[in-house]
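In what follows, a single structure is set out as structure tokens and then discussed.
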């Protein structure tokens, strides 16, 4: 994972005190789906939005796409209010369940979605060829989608989300239902899109997948932001230091740094061991249940630790 682009890039998605409350028939507050969410997604990064069911992930996505309106706060995409539909021309969206026409083949499916964006015939033909090659379905491009496996359907769904060559790609559970090979292929595609300069916002319950591809993550629980930061930083166990060395005699195995150098040993590495995203996620959710309202932002802590340049 590379976080340099995300750390320095332009902000593509921003939420400010974003709140969504669902009300009952009488206008009374029924469900607080999202509570004062503040986060940003920067150009050129893969940003993961995590949380158990009912944590506010889907609500956040719908607010950003303009499918819902906030109760209070702001959701901005490309600097525009999320309710501005003109921004959607620059967005590609893969929902958790792709609703595709089963009697169309891959080429016809992509041509249909290309027409929705008023793309010219020549442009559609070029994009269809490139996307089918990208998802490695050239061998099945003229087969009806009803004959496709789950993995093939998921890949053509991703191609549909890319037909307009979007700057921002929103992926909802992109590896759902895929076997290990299909999952690996999907993750490789996501990283390749990031390397092409795309910005990717993805939701997933599969924590190992997020750990593999995301640069930064936000963890939501019961509508509140509980953790935000770079994956590598969040998973680093800061209070433990592990040292790996070779060519050391038994007498120097307990030495650190100076003793290794004094005894002609070679310091292979000295860093912090990492936990897993699954362990971090479960720890945050359990802590959130025991301490409602408590928020720990590793990203904020990292920024505070940065040295200030002398004037």
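Numbers for the structure displayed
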{"item": "Members of the range 147-174 found to be part of a loop (DSSP other than H, G, I, E, B) and either surrounded by fewer than 17 Cβ atoms within 10 Å (Cβ to Cβ) or touching a helix residue (DSSP H, G or I) at 6+ places or on another chain (Cβ under 6 Å) (or both), listed by number", "result": "149, 163, 165, 166, 167, 174"}
{"item": "Scan of the range 100-112 for residues that are part of a loop (DSSP other than H, G, I, E, B) and over 18 Å from residue 169 (Cβ atoms), ordered by number", "result": "101, 102, 103, 104"}
{"item": "Any hit, the range 28-38, residues being under 20 Å from residue 218 (Cα atoms) and out of contact with any strand residue (DSSP E or B) (no Cβ under 8 Å at 6 or more places or on another chain)", "result": "no"}
{"item": "Some residue of the range 175-182 being farther than 20 Å from residue 116 by Cα, outside any helix (DSSP H, G or I) and touching a residue at least 60 places away in the same chain (Cβ under 8 Å)", "result": "yes"}
{"item": "Top-ranked residue in the range 250-274 [being at pLDDT 70 or above, farther than 30 Å from residue 215 by Cβ and in a loop (DSSP other than H, G, I, E, B); ranked as nearest to the chain's Cα centre (by Cα)]", "result": "265"}
{"item": "Matching option when the condition is closer than 30 Å to residue 147 by Cα and either out of contact with any helix residue (DSSP H, G or I) (no Cβ under 8 Å at 6 or more places or on another chain) or at pLDDT 95 or above (or both), among 112, 117", "result": "112"}
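The values are calculated or read from the model by the stated rules, or taken from the named source; none is laboratory data. Predicted model, so just to flag it, every value in this text is computed and none were measured. So basically every Cβ, Gly included, is an ideal-geometry build from the backbone, and we count neighbours across all protein chains shown.
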